[in-house]
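To start, the structure itself, in structure tokens.
The values are calculated or read from the model by the stated rules, or taken from the named source; none is laboratory data. Note that the structure is a prediction, hence the values are computed from the model and not measured. No Cβ is skipped: glycine too gets one built from the backbone with ideal geometry, and neighbour counts run over all protein chains shown. In case anyone asks, the SASA skips ligands and DNA or RNA and just uses the protein heavy atoms, side chains included. Shrake-Rupley method; radii C 1.70, N 1.55, O 1.52, S 1.80 Å.
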Amino acid sequence: MKKVLFSMAIVVAVVAISCKDSEKKSEVKEEIASGDIKISKEEMKRGSDIYFDKCAGCHGSTRKGATGPSLLPDGDGKFAATKALGAAGLRAFIENGTPAGMPEWKGVMSEEEIELMTRFLQVDPPITPPFEMANIKETWKVIVPVADRPTKPEHNRNIDNFFGVIMRDAGKVAIIDGDTKEKLAVLKTGFAVHILRTSASGRYFYSIGRDGRITMIDTYPKVPNIVAEVRASFDARSVEVSKYKGPKGDFYDKYLIAGGYNPSHFVIFDAQTLEPLSVTKTSGNACDGEKEFVEEARVASIVASHTDPIWVVNVKETGMVWLVDYTDPRNPKSTQIPSARFLHDGGWDATGHYFLVAANASNKIVVVDVPNKKLEAIIEVGVKPHPGRGANVKNKLGNLWVTGHLGENKLSFIKTDKGEGQWTVVKEVKLPGNGGGNLFIKTHPKSKHLWADRTLNPDKSLHSAVTVIDVNTLEVIKTIEMPKELDGRAVHMEYNKAGDEVWISVFMGEKSGIVIYDDKTLELKQIIKGDWVENPTGKFNMYNTTNDIY
Ligand code: DHE
């Protein structure tokens, strides 16, 4: 007699989910997949929100995997099926994280959220609708037309030393005068702003939120204000301006590009008004192995060349570096360079000729010769390199570009000078304690120090501190605990324009703030805190960001 083991009830309903921002709508199929896994419409929506906030960055918007493995009910042939892992297996990963860099979510997510995610991950992922030119145009708002903006600063402050500081969870950006440390404005921007970049003229800050919203902030008025807004995609991490001046200054501050995680595309805008000009899909064949077509090909970091009308656009899942020529922004031409997977973050070498980017799933750094539009080298480094924009130091070993690692305790110093040893790791430095978790490093041409955080290390004594290294000897000089009156993880360092102060954020804890150290004495100078300082993350000095100083 045939025995019925499961009564599989599949209820398919189409509901709208909103990812915190009510404008992020996507169609989801709600499924009650088996007798064991039950999930209501509301839970599906909430699970999507939590996934979007906390998981999509590493596991992909469609759960097909990226830096982290795929999270599909039936697996993808490479990684385990979430149904096979079951609630207990999924819970173990969510609660404890992994040594490869997944953070432990216990204590960050509530018990109810963890329990929900153990079910959400066992049913099919929601389907996102398209987000195309017409949708982008609908979101475009010019708040202060160009003709109504001041033609020169309406104050005597030193804009070059302004800092744009991201208050991630509040969806706000604070503009702080780096000379006086006064807060000039706290502006409501996109949900979970990820990075800021500055205009080539050093006047505007552009923010991009995890919801793909770009906000343009003008620093000329007495109180900095938002002059335009637009949304590039449902989910995004990168924004950049055109920095090439050209013989007639044709492209300086003319265009802006934003990279989409979901949909996988890049959008070019007019940099003064944010009018959308073109959308280009980044789905395509992967760089390695069989010709594998990758639909979810998310745009990770983007940088602008100072010497050519080119943006370097790094496509994560395909491992393709796109060199996008913006001379015809409505019909941009691109050269695609196959490299390694999954491309993430990176920065320029000291000459501004070579761009170095982490391929974090293959433990490599890819070097691109940008003016000559070719792959220069691929360098083996440690587990899950995470350079941020990297750091350029010079000592007796030559000019070196540095990356840290998420999955291993080491900083790798790569020689960039032509000749013997070019593009090899000439030195590795271990930070104190065990485990990886380094997210960012930073130096300044006028400084003798290189600073490194350990934000994702599970050990509190390490993640609430930063380490300072002597750039000449490459020895660790000091590990600095964040002040006791703050509580959280130290993340992301930024220098002031003069290169004699370092600003560090303390976030993800009970008491967040921005801490400023004297770079020469390594003594604490000031703590910026208050109700308006809510979980600060990235900080961007106007002059250093405009001129790619790191
Ligand atoms: Fe980031 C840079 C993506 C998690 C803070 N982050 C970047 C860049 C990418 C990226 C592609 C490079 C942008 C560029 O240069 O154009 N980040 C991702 C993720 O996908 C990931 C792993 C997970 C996610 O869902 O977002 C992730 N990032 C984080 C964080 O958890 C951090 C610490 C806080 C946050 O915002 O959630 C964080 N990322 C930053 C910062 C930068 C950044 C501050 C810019 C560094 C710089 O100096 O340029």
### Task
Taking the options 168, 197, name whichever one is under 22 Å from residue 346 (Cα atoms), in contact (Cβ under 8 Å) with a residue 24 or more places away in the chain, in contact with a helix residue (DSSP H, G or I) (Cβ under 7 Å, 6 or more places away or on another chain) and basic (Lys, Arg).
197
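Against the definition (away from the ligand (no atom under 16 Å from the Cβ), loosely packed, with under 14 Cβ neighbours inside 10 Å and farther than 21 Å from residue 406 by Cα), how does residue 430 come out, yes or no?
No; evaluated as a whole, the condition is false for this residue.
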### Task
Would you mind telling me which numbered condition in (1) buried (at least 18 other Cβ atoms within 10 Å of the Cβ); (2) in contact (Cβ under 8 Å) with a residue 24 or more places away in the chain residue 58 fails?
(1)
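At least 3 residues that are away from the ligand (no atom under 16 Å from the Cβ) and open to solvent by 40 Å² or more (accessible area, probe 1.4 Å) in each: list the strands (runs of 3 or more DSSP E) lying fully within region 502-547 that qualify.
Strands (runs of 3 or more DSSP E) meeting the threshold: 524-528.
If you take the residues in region 51-84 that are among the basic types (Lys, Arg) and within 15 Å of the ligand (Cβ to nearest atom), which one is farthest from residue 191 (Cα to Cα)?
Let us first name the residues in region 51-84 that are among the basic types (Lys, Arg), namely 54, 63-64, 78, 83.
Adding the requirement that they be within 15 Å of the ligand (Cβ to nearest atom) leaves 54, 63-64.
Numbers: 54: 13, 63: 21, 64: 24 Å.
So the residue we want is 64.
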### Number of positions in region 362-372 that are in a strand (DSSP E or B) and either without any contact (Cβ under 8 Å) to a residue 12 or more places away in the chain or not basic (Lys, Arg) (or both)
5
#### Entry: Filter result (surrounded by fewer than 19 Cβ atoms within 10 Å (Cβ to Cβ) and acidic (Asp, Glu)) within region 262-307
270, 275, 288, 290, 292, 295
### Task
State which residue is nearest to the ligand (Cβ to nearest atom) when the search covers only region 324-348 and only residues that are crowded, with 19+ Cβ neighbours inside 10 Å and not in a strand (DSSP E or B).
342
### Message
So, in region 247-256, how many residues would count as being closer than 28 Å to residue 211 by Cβ and either open to solvent by 10 Å² or more (accessible area, probe 1.4 Å) or in a loop (DSSP other than H, G, I, E, B) (or both)?
### Response
3
### Summary
Selection over region 37-82 where residues are part of a loop (DSSP other than H, G, I, E, B) and either of a type in the set (Lys, Arg) or touching a strand residue (DSSP E or B) at 6+ places or on another chain (Cβ under 6 Å) (or both) yields a count of 5
### Query
farther than 30 Å from residue 295 by Cβ, in a strand (DSSP E or B), open to solvent by 10 Å² or more (accessible area, probe 1.4 Å) and in contact with a strand residue (DSSP E or B) (Cβ under 8 Å, 6 or more places away or on another chain) - does that describe any residue in region 125-143?
yes
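In region 448-457, how many residues are open to solvent by 10 Å² or more (accessible area, probe 1.4 Å) and more than 16 Å from residue 515 (Cβ to Cβ)?
Pass one, region 448-457, residues open to solvent by 10 Å² or more (accessible area, probe 1.4 Å): 448-449, 456.
Narrowing the set further to residues that are more than 16 Å from residue 515 (Cβ to Cβ) leaves 448, 456.
So the answer is 2.
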### Task
Pick out the one residue from 437, 421, 407 that is on the phi > 0 side of the Ramachandran plot and open to solvent by 10 Å² or more (accessible area, probe 1.4 Å).
421
#### Entry: Residues being touching a Lys or Arg at 6+ places or on another chain (Cβ under 7 Å) and not aliphatic (A, V, I, L, M) - total across region 517-533
4
### Task
Kindly list, by first and then second residue, each pair from a residue in region 247-272 that is within 17 Å of residue 231 (Cβ to Cβ) to a residue that is of a type in the set (Lys, Arg), limited to pairs with Cβ atoms under 7 Å and residues at least 6 apart or on different chains.
259/237; 261/237; 261/298; 264/281; 264/298; 265/281; 271/254
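Okay, residues lined up against (1) within 15 Å of the ligand (Cβ to nearest atom); (2) at pLDDT 95 or above; (3) under 19 Å from residue 326 (Cβ atoms); (4) over 22 Å from the mean Cα position of the chain (by Cα):
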position: 175; (1), (2), (3), (4): no, yes, no, no
position: 179; (1), (2), (3), (4): no, yes, no, yes
position: 197; (1), (2), (3), (4): yes, yes, yes, no
position: 223; (1), (2), (3), (4): no, yes, no, yes
position: 237; (1), (2), (3), (4): yes, yes, no, no
position: 243; (1), (2), (3), (4): yes, yes, yes, no
### Query
Does residue 88 satisfy being within 29 Å of residue 319 (Cβ to Cβ) and either among the aliphatic types (A, V, I, L, M) or open to solvent by 50 Å² or more (accessible area, probe 1.4 Å) (or both)?
no
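When you check residue 166 against the structure, is it closer than 20 Å to residue 497 by Cα and within 16 Å of the ligand (Cβ to nearest atom), yes or no?
Details: closer than 20 Å to residue 497 by Cα: yes; within 16 Å of the ligand (Cβ to nearest atom): yes.
In short, yes.
When you scan region 349-361, how many residues do you find that are in contact with a Gly (Cβ under 8 Å, 6 or more places away or on another chain) and either assigned to a loop (DSSP other than H, G, I, E, B) or open to solvent by 40 Å² or more (accessible area, probe 1.4 Å) (or both)?
0
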### Task
Kindly indicate whether residue 375 is touching a residue at least 24 places away in the same chain (Cβ under 8 Å), more than 14 Å from the ligand (Cβ to nearest atom), open to solvent by 20 Å² or more (accessible area, probe 1.4 Å) and not small (Gly, Ala, Ser).
yes
